[in-house]
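> Sharing a structure with you now.
Every read-out reported here was derived from the displayed coordinates using simple, explicitly stated rules and does not represent laboratory data. Fair warning: this is a prediction, and the values are worked out from it, not measured in the lab. Cβ: placed from backbone, ideal geometry, glycine included. Neighbour counts: every protein chain shown.
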Amino acid sequence: MNILFTASECVPFVKTGGLADVVGSLAPVLAKAGHDVRVMLPLYTAIAQDYQHQMQFVLSFDVQLGWRRQYCGVLMLKKDGVTYYFLDNKYYFGRPYIYGLGGDEYERYGFFCRAVLNALPLLEFRPDVLHAHDWQSGMVPALLKIQYAHLPFYSGIRSLFTIHNLQYQGIFGIREVQDVLGLGDGLWSSDKLECYGCANFMKAGLVYSDAISTVSPSYAEEITTAYFGERLDGLIRARKDTLYGVLNGIDVEEYDPATDRLIYQNYTAEDLSGKAENKRRLQEELGLKVDADVPLIAMVGRLTNQKGLDLVDRVLPDMMSENAQLAVLGMGDAHYTNLFSWAEGHYKGQLAARFAMDHALAHKLYAGADFFLMPSLFEPCGLSQLISMRYGTVPIVRETGGLRDTVLSYNEYNGDGNGFTFFNYNAHDMLVVIRRALHYFRSDPAVLTSLRKRGMAGDFSWTHSAKDYEAIYQKLTGKV
Ligand code: ADP
């Protein structure tokens, strides 16, 4: 099959979160299965020069956006069997940030979505399936169906829209979006593009794609309810017959403690001594007290309310009184960076916080910590808990979305489980479970070792999920 991915980020080129990991690791697996997989991304300044030098110019064309005529260059890079196209427009993407600050996101990603569709015949690539990811690509299936599907080249192209996080929808004024994409007044009713008086790129993707998926079976269930549905649950319920939940995998080659070059020392499930050395060096690097007997809890992720940081905020002194160490790596809301920078000074040698996008340090944390804390308010899938298990770091998570689908709480009666979990979004429930985990660390390390080994033996590769996506593509196209 010819498969086109469109997304706003993709490893190894540009990443702010899990979306990049998913696009960048799923595409090569599908290519390996024999499909012609191509990925279209914006050419951001943030993409490393190294990669930019490897790109080849293919062609350029003009994109009509209302009264604007904007240049679009297409650059190409082939890697691991996948063809990556980068859509170049310096005005939109030659900025020192990836998302947000300019207030013209509708125009940047409106341009991107239109350029994706216009580029296809020029590249002579006709996808069987157009697989669009998250709101930045939401207008691709919508424009395809509304403005392109009647043209011979595009007719019959089927679309799949994947929600990686329903919280981010791309909500803008209708007039502004009309001004860029020229979608007539007749399209702005609530069964089409209008959404609570606004334009909403996510909704556009949900209404006009042929099928919808999200990144875990539990989250697929959850978003049909008002609590998780972010005001789109009615629409999602209406589309339930074409809604799929496919669990993300991780790149098991990149995240492999036996070969990872970013960590201090390699190790395997059979010989965990290297993990102890990683902990020692990590404590040293972060200015934590170097002590193998003090349990080290790590958190890596965006510092937003989604990640359950309000629970940590609520019981931080209690956590610290347990004589455990906490290491936090993330970027995000000032509320949480203020909290953790204060706490780093207050709990000197016991708490360390770094506010950067630091790929290497993230690997060191996954390898060096004893526990990985992820008490999310909601979690579409979550990759961090999978990565931590792969490194023998035991996850402590809240039972929601993909966390619920991947972490099973330790059962002291039959020995089942690969981590520790709690259900209610309640700080003291989290604290009790942290205490339970620390109890095993101190009093029953054999349990912890078996949890570490079980985590490391888990299959978090794309093997199963890539097949699930193939099955959806087959269903959509009737092709094998
Ligand atoms: P989300 O997509 O909601 O941000 P995920 O758990 O699905 O969360 O994926 C987050 C990914 O981004 C993981 O690979 C994690 O290691 C990485 N990550 C998040 N914040 C940072 C950071 N500050 N530095 C390095 N890696 C980070």
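> Counting other C-beta atoms within 10 Å, which of Ser189, Ser409 has the fewest, and how do the rest follow?
Ascending number of Cβ neighbours within 10 Å: Ser189, Ser409.
> Can you give me the three principal axis dimensions of the range 31-169 from its C-alpha atoms, in Å, biggest first?
38, 34, 32
> Please get the size of the charge dipole for the range 273-457, origin at its Cα centre, with Cβ charges of +1 on Lys and Arg and -1 on Asp and Glu, quoted in debye to the nearest 20.
In total the dipole reaches around 380 debye.
> Output ³J(HN,Hα) for the range 2-8: one whole-Hz value per residue in order, computed from phi by the Karplus curve 6.51 cos²θ - 1.76 cosθ + 1.60 with θ = phi - 60°, and x for Gly and Pro.
Ordered by residue, 3J(HN,Hα) equals 8, 10, 10, 9, 10, 7, 8 Hz.
> Separate question: Just report the Cα centroid separation between the range 168-242 and the range 333-412, whole Å.
Result: 31 Å between the Cα centres.
> Oh, and also: For the chain, what does the relative contact order come out to in percent, with C-alpha contacts under 8 Å and a separation of six or more? Show your work: numbers first, answer last.
Working: 933 pairs, mean separation 59.6, N = 480.
For the chain, the relative contact order is 12 percent.
> If you average the sequence gap of Cα pairs under 8 Å that are 6 or more apart and divide by the length of the range 349-440, what percent do you get for the contact order?
Worked out over the range 349-440, it gives 21 percent.
> Further question on the same structure: May I ask you to give the average projected area over all directions of the convex hull of the Cα atoms of the chain, in nm² rounded to one decimal?
For the chain, the mean projected area of the Cα convex hull comes to 22.1 nm².
> With axes computed from alpha carbons, what is the tilt in degrees of helix 334-346 against the longest principal axis of the chain, rounded to the nearest 10 within 0 to 90?
Its long axis makes an angle of about 20 degrees.
> Take the residue pairs Lys15/Lys364; Lys240/Lys479; Lys15/Lys467; Lys145/Lys467 and return only those whose Cα atoms are more than 21 Å apart.
Pairs exceeding the cut-off: Lys240/Lys479; Lys15/Lys467; Lys145/Lys467.
> Given charges of +1 on the Cβ of Lys and Arg and -1 on the Cβ of Asp and Glu, with all other atoms neutral, how large is the dipole of the range 194-326 about its Cα centre, in debye to the nearest 20? Intermediate results must be reported in sequence, preceding the final value.
Values: 14 positive and 23 negative charges, 95 e Å.
The calculation lands at about 460 debye.
> Of Val312, His363, Pro375, whose Cα points farthest to the positive end of the dipole of the range 309-448 (charges on the beta-carbon: +1 Lys, Arg; -1 Asp, Glu; origin at the Cα centre)?
Toward the positive end, the furthest listed residue is His363.
> In addition: Give a residue-ordered list of calculated ³J(HN,Hα) values for the range 393-401 (Karplus: 6.51 cos²θ - 1.76 cosθ + 1.60, θ = phi - 60°; whole Hz; x for Gly, Pro).
9, 7, x, 10, 9, 8, 7, 8, x
> Which of Phe57, Phe228 has the fewest other C-beta atoms within 10 Å, and how do the rest follow up to the most?
Phe57, Phe228
> How big is Rg to Rh over the range 102-242, alpha-carbon atoms, Rh as the Kirkwood inverse-mean-distance radius?
My calculation of the ratio gives 0.95.
> Let me ask something else. In debye to the nearest 20, how big a dipole does the chain give about its Cα centre with +1 on each Lys and Arg Cβ and -1 on each Asp and Glu Cβ?
For the chain, the charge dipole is close to 540 debye.
> Only bridges whose two residues both fall in the chain count here: according to DSSP, what percent of them are antiparallel, nearest 5?
Close to 30 percent.
> Please report, in whole Å, how far the alpha carbons of the range 285-395 spread along each principal axis, starting with the longest.
34, 30, 24
> Going toward the positive end of the dipole of the chain, with +1 on Lys and Arg Cβ and -1 on Asp and Glu Cβ, which of Tyr440, Val180, Tyr208 do you reach last?
Farthest towards the positive pole: Val180.
> Sticking with this one: Going by how many other beta carbons lie within 10 Å of each one, how would you line up His150, His363, fewest first? It would help to have the intermediate numbers written out before the result.
Details: His150 9, His363 22.
Ordered by Cβ neighbours within 10 Å, fewest first: His150, His363.
> Largest first and in whole Å, give the semi-axes of the range 118-173's equivalent ellipsoid, each being the square root of 5 times a Cα gyration tensor eigenvalue.
23, 12, 10
> In the neighborhood of Lys364, defined by Cβ-to-Cβ distances under 13 Å, what is the net charge if each Lys or Arg adds +1 and each Asp or Glu adds -1?
+1
> Ok, one more. What is the local net charge at Ser216, summed over the other residues whose Cβ is closer than 10 Å to its Cβ (Lys, Arg +1; Asp, Glu -1)?
Neighbourhood net charge equals -3.
> Any chance you could run the full-extension gain for Lys479 through Tyr425? It's 0.36 nm times the residue separation minus the Cα-Cα distance, nm to one decimal.
So the chain would gain 15.0 nm between Lys479 and Tyr425.
> Express the relative contact order of the range 273-457 as a whole percentage, based on alpha carbon pairs under 8 Å and six or more residues apart in sequence.
Working: 330 pairs, mean separation 39.6, N = 185.
The normalised contact order for the range 273-457 reaches 21 percent.
> While we're looking at this one, here's another question. With the Cα gyration tensor of the range 273-457 giving a ≥ b ≥ c as the square roots of its eigenvalues, does the rule (a/c under 1.5 for rounded; else a/b larger than b/c for prolate; else oblate) give rounded, prolate or oblate?
rounded
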